[in-house]
Structure formats: C-alpha cells, structure tokens
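A short worksheet on the structure shown next.
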Amino acid sequence: MGNPSLEAGRDNDEPQRQVTVSSFYMGKREVTQKEWQEVIGTNLSYYKGANLPVERVNWYEAVEFCSRLSQREGLTPAYRQEPERSEQRKHLVC
C-alpha cells in the first residue's frame with residue numbers, strides 16, 4: 001500500500017508499506033442489471049440490458065447491494081446503514 005519513494009509527484013505522507021487483508025469474496029465481473037434487479041428490486045441504469053453492467057449507482061446503493069447479497073448467501077454483511085437523524089441520507093457503520 002502507498003507509493004514508491006521515487007515516484008514522481010509523490011507526497012511524504014504516502015509511504016509504501018506491507019498490508020495484510022483478511023479473507024473476503026469478490027465477484028469475477030461487474031454486477032449485471034439482472035443480478036441488481038434480483039437483489040434490490042429496481043434498475044436505474046440508463047443503458048438497459050439484463051446482461052449489461054449496472055451503472056448510475058452511488059456508494060450507498062452499492063453497499064446496500066453487497067449487504068443484501070451477503071445475507072442471501074448466508075454471510076455477515078461488512079457494513080450496515082442507518083438513517084441520520086438530521087437528514088434523510090444514510091451513513092455507513094462498520
């Protein structure tokens with residue numbers, strides 16, 4: 001993680017270091033509109049097609065998809081979303 005010390009334009013706060021990541025699952029390809037529709041129930045993509053990648057998705061929507069998919073697969077979601085009291089926006093809780 002970080003940038004090599006000789007990289008052009010590198011700042012001093014970007015030292016390269018070893019990082020260990022616990023196990024996780026990752027899809028082999030983009031999430032299709034069909035998959036998104038099956039998990040979320042809507043499809044807001046501009047370019048329509050069941051096998052096309054889903055697009056026009058923000059961070060919170062992507063996290064919601066991953067959480068619901070994890071639950072469907074019997075896994076524990078990595079995040080949960082809770083509504084903020086002052087706004088109707090969501091924030092993430094790890």
- [ ] Tell me which residues, restricted to the stretch 34-50, are over 27 Å from Thr76 (Cα atoms) and surrounded by fewer than 14 Cβ atoms within 10 Å (Cβ to Cβ).
- [x] Tyr46, Tyr47, Lys48, Gly49, Ala50
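From Arg85, Arg10, Arg56, which residue is surrounded by 10 or more Cβ atoms within 10 Å (Cβ to Cβ), assigned to a loop (DSSP other than H, G, I, E, B) and modelled with pLDDT under 90?
Matching residue, one of Arg85, Arg10, Arg56: Arg10.
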Task: Residue list for the stretch 59-73, restricted to those being within 28 Å of Met1 (Cβ to Cβ), surrounded by 11 or more Cβ atoms within 10 Å (Cβ to Cβ) and out of contact with any helix residue (DSSP H, G or I) (no Cβ under 8 Å at 6 or more places or on another chain) - done: Tyr60, Ala62, Val63, Cys66, Ser67, Ser70
Open item on the list: What are the pairs with Cβ atoms under 7 angstrom where one residue, in the stretch 49-60, is under 9 Å from Lys34 (Cβ atoms) and the other, located anywhere, is of a type in the set (Phe, Trp, Tyr) and part of a loop (DSSP other than H, G, I, E, B)? Sequence gap at least six, or different chains.
Closed with: none
Task: Residue ID - nearest to the chain's Cα centre (by Cα), chosen from residues in the stretch 24-33 that are surrounded by 14 or more Cβ atoms within 10 Å (Cβ to Cβ) and not hydroxyl-bearing (Ser, Thr, Tyr) - done: Val31
Open item on the list: Which residue is farthest from Pro53 (Cα to Cα), if the candidates are limited to the stretch 13-33 and must be at pLDDT 85 or above and small (Gly, Ala, Ser)?
Closed with: Ser22
Task: The lone exception for Trp36 - which of (1) part of a loop (DSSP other than H, G, I, E, B); (2) at pLDDT 95 or above it fails - done: (1)
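The values are calculated or read from the model by the stated rules, or taken from the named source; none is laboratory data. Please read all numbers here as calculations on a predicted model, not as lab measurements. Backbone-built Cβ (ideal geometry, glycine too); neighbour counts: all protein chains shown.
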